[in-house]
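Read through the structure below, which is laid out as structure tokens, and then see the notes.
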Amino acid sequence: MSAISIHPTDAALGAIIEGVDLSRVPNAGTIDTIESALEKHGVLIFPDQRISPAEQVAFSRALGPLEATANIDARLNGQPEIFVIGNTGVRPVSFAPQHGSEDLEWHTDHIHKPVPARASLLYGKEIPDTGGDTLFACLYSAYDALSPADKSKYETLEAVHSIEGLRAYLHKQAGEKGYEPGRQEAMPECVKWPLVRRHPTTGRRGLYFGAKVTVGITGWPREEGLRFISELTEHTTQPAFVYRHVWRKNDAVLWDNRRVLHAATPFDMSRQRRLMHRTTLRETTPIA
Ligand code: OGA
Ligand code: MN
């Protein structure tokens, strides 16, 4: 058995983990090591993994209960806990803007669902030559950098999140081709969470929102809310708070949705293939 080693990146987030084979169900010691590294670094990169869909599901399930995507047509045949993200199938699924656009959808997974995602594990099966990176921004750093006055003001705000915000974005990015969502599981029109969220294990405060999936602030006029969210996105995703993951085939990346925002960057969908498999860990502690 090889020892596990953890190499932090130079960025505000992220560490490369060597010595964990994701094709095996982790024992209690390995789970502890992974959970504490995730708590410390927010994003964990496991390079050079060879895992089948069933192995990815088994590994992920060892960390906690899973949640299938609401996009029924994007579930992998025979392994519904795998969310197929990419442009290699009949119906492309991508969270990236159009090639050439910088209008990123910074978000945290399932914030628009009654039970959000605690963590997500994304496995890179086919990677474009250029583009198609994933960016991660630290929500603790963004909160810590606020003025004391903004901190206390934000503490009182509640943000509204909706699948419609995400859909409107996907429609816009699909351009003339249009966006074909496929079969979707029903979900509420919107959900509301405090804008400032305490991380359940570290106790640290972070901002909790997404660029497009968040559609307003409770009690505020719509336009004012949208402007505020756009400024908050700008603040949160400043380079000092961001880690950019440039994918290599067979990387697996695990992130904590309670501490990071993420965004896909564009790639040339007409020429390049990108295929990722995601498993999603369901939130198990109430949001405070
Ligand atoms: C996701 C996601 C980003 C990407 O899997 O939740 O947002 O780079 N993916 O594909
Ligand atoms: Mn996502």
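The values are calculated or read from the model by the stated rules, or taken from the named source; none is laboratory data. In this text, all values refer to a predicted model and were calculated from it rather than measured experimentally. Heads up, the Cβs are rebuilt from the backbone with ideal geometry, glycines too, and the neighbour counts pull from every protein chain shown. These accessible areas exclude ligands, DNA and RNA; they are computed on the full protein's heavy atoms, side chains included. Shrake-Rupley method; radii C 1.70, N 1.55, O 1.52, S 1.80 Å.
Quick check, is TRP247 farther than 30 Å from THR130 by Cβ, under 18 Å from the mean Cα position of the chain (by Cα) and modelled with pLDDT of 95 or more?
no
So GLY165 ticks every box in (1) over 18 Å from the mean Cα position of the chain (by Cα); (2) in contact (Cβ under 8 Å) with a residue 24 or more places away in the chain but one. Which box is left unticked?
Among (1) over 18 Å from the mean Cα position of the chain (by Cα); (2) in contact (Cβ under 8 Å) with a residue 24 or more places away in the chain, the lone unmet condition for GLY165 is (1).
Considering the stretch 30-50 alone, what residues qualify as being within 21 Å of GLY203 (Cβ to Cβ) and either open to solvent by less than 20 Å² (accessible area, probe 1.4 Å) or modelled with pLDDT under 95 (or both)?
Hits for the stretch 30-50 are ILE34, ALA37, LEU38, GLY42, VAL43, LEU44.
Name, by its number, the condition in (1) at positive phi; (2) open to solvent by 70 Å² or more (accessible area, probe 1.4 Å) that does not hold for ARG205.
(1)
Could you check the stretch 1-59 and list, in sequence order, the residues that are out of contact with any Leu (no Cβ under 8 Å at 6 or more places or on another chain), assigned to a loop (DSSP other than H, G, I, E, B) and of a type in the set (S, T, N, Q)?
Hits for the stretch 1-59 are SER2, THR9, SER23, ASN27, SER52.
In the stretch 44-60, how many are farther than 19 Å from GLU126 by Cβ and in contact (Cβ under 8 Å) with a residue 40 or more places away in the chain?
Total satisfying the criteria: 4.
So which residues in the stretch 145-162 are in contact (Cβ under 8 Å) with a residue 60 or more places away in the chain and not aliphatic (A, V, I, L, M)?
GLU158
May I ask you to say which residue of THR108, THR88, THR69 is surrounded by fewer than 18 Cβ atoms within 10 Å (Cβ to Cβ), within 14 Å of ligand 1 (Cβ to nearest atom), at negative phi and not aromatic (Phe, Trp, Tyr)?
THR88 is the lone residue from the list that is surrounded by fewer than 18 Cβ atoms within 10 Å (Cβ to Cβ), within 14 Å of ligand 1 (Cβ to nearest atom), at negative phi and not aromatic (Phe, Trp, Tyr).
Every residue, every condition in (1) assigned to a strand (DSSP E or B); (2) open to solvent by less than 10 Å² (accessible area, probe 1.4 Å), yes or no:
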| residue | (1), (2) |
| --- | --- |
| GLY219 | no, no |
| GLU224 | no, no |
| PHE228 | no, no |
| TYR243 | yes, no |
| TRP247 | no, no |
| ARG258 | no, no |
| THR280 | yes, yes |
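Within the stretch 77-134, work out how many residues are outside any loop (DSSP other than H, G, I, E, B) and more than 18 Å from LEU170 (Cα to Cα).
So the answer is 14.
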